[in-house]
Amino acid sequence: MAKTRSTAATRRRQATDEDLERFAEQADSDVLGCRSEAHNFPKPSEIGWNFKVSGSFHIRTFTCKDCGRATRTQRWDIITNRTGVVTRMDYVDTKMSYGDGYLLPAGSGRSRKTQWREVVARTAVVGKKIQIEVED
Ligand SMILES: [Zn+2]
């Protein structure tokens, strides 16, 4: 029987450098920084331990301090006693969501962090004179 490598994941289109370059031309520099490096989510010490009830879970949300468009939502299962004191808590999962101006247009396909890193650097540097220090 012939084996096929064609799965849903491998059929998904890979975004081209041109797709990313078009996006980079009009995107905020903070968005490009997060796309090419990492988000800067607040630490628990900065936002405290506040939860909202959503269905049967307790959720915490963190929005990136740099781009403001990536939100990490953690779901927790928290049990309190009759007086409201937490007696048990279990982490469930985390989901990410993104606001306007962060994602490539629908149908562009998947992009890789290294691809963003290259496109963002090229956009900033190619065609310009930069200072390159020689390491001893
Ligand atoms: Zn970000």
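We did not get these values from a lab; they are worked out from the coordinates using the rules stated. Here the structure is a predicted model, which means the values were calculated and not measured. Heads up, the Cβs are rebuilt from the backbone with ideal geometry, glycines too, and the neighbour counts pull from every protein chain shown.
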Exercise for review: Report the residue, chosen from Thr61, Thr83, Thr123, that carries the largest GNM mean-square fluctuation when the chain is represented by alpha-carbon nodes joined by springs under 10 Å.
Suggested key: Thr83
Study note, to complete from the structure: GNM on the chain, Cα springs under 10 Å; top mean-square fluctuation among Gly33, Gly101, Gly84 goes to Gly84
Exercise for review: Between beta-carbons, use under 13 Å as the cut-off and find the net charge around Lys95, counting Lys and Arg +1, Asp and Glu -1.
Suggested key: +2
Review point. If you line up the long axis of helix 17-26 against the longest principal axis of the chain, both from Cα atoms, how many degrees apart are they, to the nearest 10?
Key: 70 degrees
**Study point:** Size of charge dipole - segment 15-123 - debye, nearest 20, with Cβ of Lys, Arg +1 and Asp, Glu -1, no other charges
**Key:** 600 debye
Review point. Order of Met96, Met89 from fewest to most other C-beta atoms within 10 Å?
Key: Met96, Met89
Review point. In a shell of Cβ-Cβ distance under 13 Å around Ala15, excluding Ala15 itself, what net charge do Lys and Arg (+1) and Asp and Glu (-1) give?
Key: +2
Check your understanding: Could you give the length gained on full extension between Arg13 and Met96, defined as 0.36 nm per residue of separation minus the Cα-Cα distance, in nm?
Key -> 27.8 nm
**Study point:** Ranked list, fewest to most other Cβ atoms within 10 Å of each Cβ, for Ile130, Ile59
**Key:** Ile130, Ile59
Check your understanding: What are the radius of gyration and Dmax of the chain, computed over its Cα atoms and given in Å?
Key -> 20.8, 67
Review point. Ignoring the sites themselves, what is the longest stretch of the chain with no GluC sites (Glu not before Pro) in a DSSP loop and at most 13 other beta-carbon atoms within 10 Å?
Key: 38-132
Check your understanding: Any idea what angle helix 113-125 forms with the longest principal axis of the chain, computed on alpha-carbon atoms, 0 to 90 degrees, nearest 10?
Key -> 50 degrees
Review point. Taking H as built 1.01 Å from N, whose amide H comes closer than 5 Å to the amide H of His39, not counting residues under 5 places away?
Key: none
